[in-house]
1. Out of the trypsin sites (Lys or Arg not before Pro) in region 90-180, which ones are loop residues according to DSSP with at most 14 other C-beta atoms within 10 Å?
2. Test of the criteria: in region 384-432, which trypsin sites (Lys or Arg not before Pro) are in a DSSP loop and have at most 14 other Cβ atoms within 10 angstrom of their Cβ?
3. Residue by residue, what Karplus-based ³J(HN,Hα) values in Hz, rounded to whole numbers, does region 120-136 have, using 6.51, -1.76 and 1.60 with θ = phi - 60° and x for Gly and Pro?
4. How charged is the neighbourhood of residue 325? Take every other residue with its Cβ under 12 Å from the Cβ of residue 325, and add Lys/Arg as +1 and Asp/Glu as -1.
5. Working out 0.36 nm times the residue gap between residue 437 and residue 42, then minus their Cα-Cα distance, what length gain in nm do you get to one decimal?
6. Give me the percent relative contact order of region 249-397, please, defined on Cα pairs under 8 angstrom at least 6 residues apart.
7. Just to check I understand the Karplus step: with θ = phi - 60° and J = 6.51 cos²θ - 1.76 cosθ + 1.60, what whole-Hz values come out for region 365-382, glycine and proline as x?
8. Which loop chymotrypsin sites (Phe, Trp or Tyr not before Pro) in region 134-242, with loop taken from DSSP, have no more than 16 other Cβ atoms within 10 angstrom of their Cβ?
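None of the figures in this text is laboratory data; all of them are computed from the coordinates on show. Keep in mind it's a predicted model, so treat the numbers as computed, not measured. All Cβ positions, even for glycine, are placed from backbone atoms using ideal geometry, and neighbour counts span all protein chains on display.
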Amino acid sequence: MIRSRKVGLGALILSFLLLFSFLWNCGSTPGRTSLSQGVKVNILKDVYILPAAELETTKTYPDVIEITNEYLKFWLVPNRGRLVFDYFFKPTEHAQIYNNTRPSPTMTPAGYIVEFGGYYLSVPWNSRARQPYDLKYKIVDETPAKAEVYLWGKDLLKHILMESWITVRQSSSLIAIKVKLTNRGKRKWNIKFSDYAVIAPGGALVPNSAFVIPTSKVKIAKSENEWMGGEGSVVNWPQNWSNWGKFKQAGSFSTEIDDMSEPFAGMINYDSGDTFIKLWEPAHFFDELKIWSWGVSYEEVKNGTPTANFETKKRTFSLSPNQSVEFFTYFYALRDMENVTIANKDFAGWISPGKTVYRLDKDRFLNVESQVGTSKNHENVGMVIYLLDQKGEVQKEVHREHIAAISPGRPYSVASRVELGDLPETENEYFIRADLFDAQGSVLFTMKSTLFTVKQK
């Protein structure tokens with residue numbers, strides 16, 4: 001009896017401990033999950049980066065600020081003027097931005113440079129080293145919900161102060177960068193300004209990578225042996241070499257911002273499933289988007305890389321003493337996108353009517369396809385797709401569905417067939433529109449297709 005009581009007491013104690021452990025885990029797991037998915041900041045001091053210039057402030061082991069959350073891990077290196085140095089997208093486990101801690105001099109269309117990669121600005125600029133000057137930094141916000149880093153530096157000749165605020169939020173693949181340029185000098189200056197992003201979604205461009213640029217025409221700049229066409233010629237977009245596998249050799253091209261339907265550009269690596277988007281606001285702060293790449297023959301070039309350099313240029317603007325200008329740049333990655341025709345800082349996607357001409361005597365159905373991705377987590381959203389005439393008047397609702405969840409690592413795709421029989425019997429042009437809305441009915445994002453024609457026969 002005594003032995004039985006001891007066994008029973010031991011079992012009782014064990015059961016109590018298991019129950020306590022279970023309840024503790026149930027109660028504490030959300031907290032631990034929240035913290036693990038929250039934003040974290042770490043300062044790395046053991047990363048060697050080749051000095052770009054012989055300045056007193058330049059360090060061989062500069063502070064590398066590492067910011068992580070559920071979807072990304074990214075580095076910024078103020079001491080090399082890099083607002084972004086690395087962007088690692090966790091859903092695909094691939095880098096999106098090229099970087100090199102020990103680069104060698106390389107001949108580019110702009111001349112010899114030492115390309116560390118990343119994202120950087122032309123102010124403040126060290127003309128001798130052909131690199132941005134070192135920047136100072138301060139971490140101004142560090143919570144599980146948000147991290148923000150303030151960077152600043154001054155042009156030594158024109159006394160133009162560059163200030164930047166870089167923000168990462170919880171459960172988001174978006175990096176938000178605010179830039180402010182202020183004339184701290186005593187005279188008015190005319191300024192040429194550019195920013196640069198050396199991107200490589202998937203860690204490296206591959207033949208199955210493609211440029212995403214919402215424009216209908218581009219201008220050819222320089223290309224090896226003019227394989228892209230004559231310098232200065234204007235061609236329709238997309239070209240066959242908008243697929244990087246057809247980008248034969250080194251070359252560059254550009255488009256006017258006024259000719260773009262939306263202020264964004266990016267690339268898709270279909271092999272790795274990575275899409276990387278760059279946006280800017282205001283839409284017309286910049287004048288021109290210029291892109292150059294070594295192309296698929298990069299290995300034939302000394303120090304060539306499987307990358308693309310995206311430069312947004314403001315040809316010239318004036319700043320009087322104490323006058324400032326501001327703009328925003330955003331980067332985010334998405335997984336498994338098939339295309340992107342429209343994007344803002346929260347959503348990106350596309351919608352297609354399937355083909356450009358439908359005949360009522362042969363086609364009974366309109367084939368609607370669409371996909372939407374997002375830079376942050378959303379739950380319980382809805383999508384409604386409408387058919388509209390060329391004047392923008394709604395003809396009918398053609399599809400409606402509920403989306404339980406959508407995230408940077410999980411886009412949402414729609415495929416629907418719509419009967420055409422009840423349309424007017426005259427030939428007309430139409431387009432389809434998809435509205436994404438929240439639980440309160442507020443529209444979050446809108447996508448429109450190109451025009452298509454419906455004929456009687």
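1. On the way: sites: 128, 130, 136, 138, 146, 154, 158, 169, 178, 180; in loops: 128, 130, 158.
Those that pass, being in a loop and sparsely packed, are 128.
2. Details: sites: 391, 396, 400, 417; in loops: 391.
Here the trypsin sites (Lys or Arg not before Pro) that fit, given the DSSP loop and packing criteria, are 391.
3. 3J(HN,Hα) across region 120-136, in whole Hz: 8, 10, 8, 9, x, 10, 9, 5, 5, 8, 6, 9, x, 5, 4, 10, 9.
4. Details: positive: 178, 180, 314; negative: 163, 326.
Neighbour charge sum, excluding residue 325 itself: +1.
5. Values: separation 395, 0.36 × 395 = 142.20 nm, distance 3.67 nm.
Value of the extension gain: 138.5 nm.
6. Numbers: 229 pairs, mean separation 29.4, N = 149.
Relative contact order, region 249-397: 20 percent.
7. With coefficients 6.51, -1.76 and 1.60, one gets 10, 8, 9, 9, 10, 7, 8, 9, x, 9, 8, 8, 5, 9, 10, 6, 10, x Hz.
8. Working: sites: 137, 150, 152, 165, 189, 193, 196, 211, 227, 241; in loops: 227.
Sparse-neighbourhood loop chymotrypsin sites (Phe, Trp or Tyr not before Pro): 227.
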